[in-house]
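Engineer: Dropping a structure here in structure tokens format, bear with me for questions.
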Amino acid sequence: MKKYYIETFGCQMNEFDSERIEYLLDKEGYSASEKIEDCDIIVINTCAVREKAENKLYGHIGNLKNLKILKPDLLICIGGCTAQNLKEKILKDFPYVDIIFGTHNISQLPELILKKKEINKNICEIREKGFDYALDRFRHTFPFKSYIPISIGCNNFCSYCIVPYVRGKEISIKPGKIIETAQKLVSEGVVEIMLLGQNVNSYGKDLDNPVTFSQLLDKISQIDGLKRIRFMTSHPKDLSAELINVIAEKPNIMSHIHLPLQAGSNKILEMMNRRYTKEDYLEIIHNIRSRIKDSSLTTDIITGFPGEKRDDFEHTLDVVKKVRFNRAFTFIYSKRDGTAACSLEDSISKKEKKEWFKELVALQNQISFEENQKLIGRCPEVLVEGKGSKNLLEGRLENNSVVNFEGSNNLIGRFVKIKITGAKSFYLTGNILK
Ligand code: 5AD
Ligand code: SF4
């Protein structure tokens, strides 16, 4: 049997796309391989959000050259956002890559593989736009939880971000199709569904019969047997009171909101084209906290945006101190060619940006640690997701925190009550309650 190996960079949407690729290759009679040296096809699903991921990709493709010399029949396929964005560079620098396919070409992969074998020339297939999603055609990695994308692409054009250029304009998937998919997954044993979109809060506006994200959530929450519904990412400018209400009212909608702040300074937020102010953001947090019991909040923050000064950065620190996020994903600004921000003058030194970044990370780590400490002694319900480090089981609380504890493998995919006994910045420890 022929084997494939898929490597995935980047966000959850890319992880989902890789699950689609797995489905397609399984159907063609391939099987997954744990080892890159053993396989007949390598697929790299790339990310273009920051330069670091792009450089890592080039290192990876470079490393495959020797394997290709040893195994000339090996097919190297590059898909995802960097394939969409920089096909010419990949073709020029890595002529031994066999297939380059874009974010709107995933369903074509099996026919591209056949074509490549026939014509024996490298193939580059990039659609500029389109809708390429058949929701029933993916293989969810975990039997008990699954992603479902609800919209593809993004209309926001935040000035630093490449996503609208590589994923296209926002297209919502019809609610009926999403609900049908969720029902089918639940009937197969899935208990947790993560709804995906670049901006889930603007879901449904483009449909012939517009539906709000809250209405969609409300419908999905009525599926019998669906214990946990998660969603990401929320954009503050579109987060409605209606959404806060539905989360507060439905016990199976998890009270964790990932709400990217990006920056705390109003000047920088405007330059980023985020379309909210620091005050708007703090008000949303206040509304969430006053309505949703035990809510947890995570965020994304960029430091060193062009033109950011120390006093701008201090506004970011101020929001972080005021909100006390459970966790923050922090990034140093990375210039992306073709975005609006790439022409902005950037006078802050790299050294200074790195110092701010470190300061922010240290502050947030301390806050994450203190927030996790508050959970010690509690006995939350946990979905056991698999094995973590030191042979311990790893589970997830409703609020998305991870907890490690001793237990047997047959608990994976089940709910248990855990007494929390310890806390670090990024995870908790505990014991199963007998
Ligand atoms: N530089 C740094 N971080 C970025 N992000 C998006 N584009 C860039 C960029 N050019 C971050 C944002 C976004 C997260 C997924 O990645 O914080 O929310
Ligand atoms: Fe990028 Fe902004 Fe769209 Fe998020 S909302 S994908 S940061 S353009």
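The values are calculated or read from the model by the stated rules, or taken from the named source; none is laboratory data. For clarity, every value in this text was computed on a predicted model and none was experimentally measured. Reconstructed Cβ throughout: ideal geometry from the backbone, glycine too, with neighbour counts over all protein chains shown.
Engineer: Please go through the range 128-172 and pick out each residue that is of a type in the set (Phe, Trp, Tyr) and within 24 Å of ILE193 (Cα to Cα).
Structural biologist: Answer for the range 128-172, where residues must be of a type in the set (Phe, Trp, Tyr) and within 24 Å of ILE193 (Cα to Cα): PHE131, TYR133, PHE138, PHE142, PHE144, TYR147.
Engineer: Filter the range 406-423 down to the residues that are more than 27 Å from the chain's Cα centre (by Cα) and among the basic types (Lys, Arg), then identify the one that is nearest to GLU370 (Cα to Cα).
Structural biologist: LYS419
Engineer: Suppose the filter is away from ligand 2 (no atom under 16 Å from the Cβ), in contact (Cβ under 8 Å) with a residue 24 or more places away in the chain and not in a loop (DSSP other than H, G, I, E, B); does THR141 pass it?
Structural biologist: no
Engineer: Same structure again: I'm trying to understand the selection: among the residues of the range 113-138, which are over 17 Å from ILE150 (Cβ atoms), in contact (Cβ under 8 Å) with a residue 24 or more places away in the chain and either in a loop (DSSP other than H, G, I, E, B) or in contact with a Phe, Trp or Tyr (Cβ under 6 Å, 6 or more places away or on another chain) (or both)?
Structural biologist: Matches in the range 113-138: ASN122, GLU125, ILE126, ARG127, GLU128, LYS129, GLY130.
Engineer: Where in the range 208-318 are there helices (runs of 4 or more DSSP H), lying wholly inside it, with at least 2 residues that are small (Gly, Ala, Ser)?
Structural biologist: In the range 208-318, 213-221, 241-249 are the helices (runs of 4 or more DSSP H) which contain 2 or more residues that are small (Gly, Ala, Ser).
Engineer: Hey, among the residues in the range 144-172 that are within 9 Å of ligand 2 (Cβ to nearest atom) and of a type in the set (S, T, N, Q), which one's nearest to LEU185 (Cα to Cα)?
Structural biologist: Top of the filtered list is ASN155.
Engineer: Taking only the range 35-60 into account, find how many residues are outside any strand (DSSP E or B) and within 30 Å of TYR160 (Cβ to Cβ).
Structural biologist: 14
Engineer: Here are LEU114, LEU109: which of them is closer than 20 Å to TYR30 by Cα, loosely packed, with under 15 Cβ neighbours inside 10 Å and among the aliphatic types (A, V, I, L, M)?
Structural biologist: After applying the criteria, what remains is LEU114.
Engineer: While we're here: Residues ARG414, ARG327: which one is away from ligand 2 (no atom under 16 Å from the Cβ) and either among the hydroxyl-bearing types (Ser, Thr, Tyr) or crowded, with 18+ Cβ neighbours inside 10 Å (or both)?
Structural biologist: Step by step, each of ARG414, ARG327 is checked, and only ARG327 is away from ligand 2 (no atom under 16 Å from the Cβ) and either among the hydroxyl-bearing types (Ser, Thr, Tyr) or crowded, with 18+ Cβ neighbours inside 10 Å (or both).
Engineer: Could you tell me which residue of the range 216-247 is nearest to the chain's Cα centre (by Cα), considering only residues that are surrounded by fewer than 16 Cβ atoms within 10 Å (Cβ to Cβ) and touching a residue at least 12 places away in the same chain (Cβ under 8 Å)?
Structural biologist: Applying the filter and picking the extreme gives LYS237.
Engineer: Please determine, by comparing only the residues of the range 281-303 that are within 16 Å of ligand 1 (Cβ to nearest atom) and over 15 Å from LEU269 (Cβ atoms), which one is surrounded by the fewest Cβ atoms within 10 Å (Cβ to Cβ).
Structural biologist: The residue in question is THR298.
Engineer: (1) free of Cβ contacts under 8 Å to residues at least 40 places away in the same chain; (2) in the same structural domain as THR316 (by TED's automatic domain parsing): which one isn't true of MET271, the others all being true?
Structural biologist: (1)
Engineer: May I ask you to list the residues in the range 328-353 that are touching a strand residue (DSSP E or B) at 6+ places or on another chain (Cβ under 8 Å) and either part of a strand (DSSP E or B) or modelled with pLDDT under 95 (or both)?
Structural biologist: Of everything in the range 328-353, those that are touching a strand residue (DSSP E or B) at 6+ places or on another chain (Cβ under 8 Å) and either part of a strand (DSSP E or B) or modelled with pLDDT under 95 (or both) turn out to be ALA328, PHE329, THR330, PHE331, ILE332, LYS353.
Engineer: Could you tell me which of the residues SER265, SER349 is of a type in the set (Gly, Ala, Ser) and farther than 29 Å from ASN155 by Cβ?
Structural biologist: None of the others qualify; the one that does is SER349.
Engineer: Give the range 373-390 a look and list any residue that's among the basic types (Lys, Arg) and under 24 Å from SER408 (Cβ atoms), or say none.
Structural biologist: If the condition is that a residue be among the basic types (Lys, Arg) and under 24 Å from SER408 (Cβ atoms), then ARG378, LYS387, LYS390 are the ones that fit.
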